[in-house]
Amino acid sequence: MAAPAVEFDRVHKTFHRRFSEERFLALADVSFEAASGEVCAFLGPNGAGKTTSINILMGFLFADSGAVRVLGHEPGAIGAKQQIGFLPENFAFYKHLTGPELLRMHLALAGEPRNGGSRISGALARVRLNGYGTLKIGKYSRGMVQRLGIAQALLAEPRLLVLDEPTSGLDPAGRQDVLQLLLDLKADGRTVFLSSHILPEVEQICDRVVIVDRGHMVRAGRLTEMLERGDRVEVLADRMPEEMERAWAERGAAIARDSNGVRIVAEAGLKRELIEALWSAGSDVIAVTPVKTTLQDVFLQLVQDSEAPK
Ligand SMILES: Nc1ncnc2c1ncn2[C@@H]1O[C@H](COP(=O)(O)OP(=O)(O)O)[C@@H](O)[C@H]1O
Ligand SMILES: [Mg+2]
């Protein structure tokens, strides 16, 4: 088995507030793994610690404790850097350059001018920016700038792409473009590790998700497993005996009575049992509707659980 692309093991990171003794806990006990060949999304609201984690995995910041490995290397090791393409969160490019000029500058900075021309045209073609050779970056749309940023990250033909909020600031069409591009890069055999605070869009493309909130792990795992476990079913019945309602509420079902009858939302796996119990109680089952969970639901549920008084 290949080493995981990214591995965090009980990582802690605190920041010192300037001119004060105060310490701020940015990451507390963060552990997860992203496998090679996957699209892994690192998710959480603003301030969750995503950029801090990415800076640690790139070797720009050091963790206080815990272990981090990237493609089997220490963060920042040359063997890791050679195989990683990186796009930071708030990057800015020289507006007076054209796309090819900018990429040429980046290649030169990386000390790799060999077959530079074909690398540049390959990277531009991958992000569908060939054909804009003479247009200055200052005239690019926001989406084009973002795609140029990804082209820059592709120059070294990396195994692993690390992208910090690659869709932020884009309109829906631009976001869709970038998401499709990330899927294309995965089809090329590359591993994509991206951060985002926009859960619904990432849900469309990722194999694995790592959810953090205020520096703490909320959940990590394969997306399909995370969503499956959350799938529920909504059953509408004409009535439900009170003791049955109490028993099902204890098992986590949400039950609401209205003029149409009783609406019961339970785990999908309990569907058959619930319907049979209703029939046995003499109720009529009017409708059964599967309720698909979204990543947003999972997140809200998990955050709610962690905030509930213990
Ligand atoms: N250099 C720093 N010094 C002090 N606090 C920081 C520093 N960098 C980040 N933080 C704090 O750490 C928390 C996590 O920040 P960040 O990793 O940027 O979150 P995210 O990328 O998920 O929005 C925030 O509360 C932020 O204010
Ligand atoms: Mg960030």
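The numbers here are math on the coordinates, done by the rules we state, and not lab data. Small disclaimer: the values here were computed from a predicted structure and weren't measured. Glycine also receives a Cβ, built like all others from the backbone with ideal geometry; neighbour counts cover every protein chain displayed.
Below are the figures for this structure:
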quantity	calculated
Exposure proxy order (Cβ contacts within 10 Å, fewest to most) of His216, His16	His16, His216
Dimensionless Rg ratio for the stretch 232-291, taking C-alpha atoms and the 2.2 N^0.38 Å reference	0.95
Burial ranking of peptide ranges 91-99, 189-197 (average Cβ count within 10 Å, highest at the top)	189-197, 91-99
Distance (nanometres) between label positions extended 7 Å along Cα→Cβ at Ala173 and Tyr94	3.1
Antiparallel DSSP beta bridges within the chain, as percent of all bridges there, nearest 5	65
Computed P(r) (all Cα pairs; the stretch 96-188; 10 Å bins; percent)	17, 50, 31, 2
Theoretical gain in end-to-end length, Thr293 to Ile198 [0.36 nm per residue, Cα-Cα removed]	32.6 nm
Counting DSSP beta bridges with both ends in the stretch 111-228, the antiparallel % (nearest 5)	55
Hits among lysines - C-alpha to C-alpha of Lys139 under 25 Å, sequence gap 8 or more where chains match	Lys95
Rh (Kirkwood; distinct C-alpha pairs) - the chain, Å	22.0
Partner lysines for Lys13 [C-alpha distance under 18 Å; skip if fewer than 8 residues away on the same chain]	Lys50
Linear extension gain, Ser121 paired with Asp305, 0.36 nm per residue minus alpha-carbon span	61.3 nm
Separation of the Asp284 and Ala187 label points, Cα + 7 Å toward Cβ, nm	5.1
Packing rank of 229-241, 156-168, where each peptide gets the mean count of other beta carbons within 10 Å, highest leading	156-168, 229-241
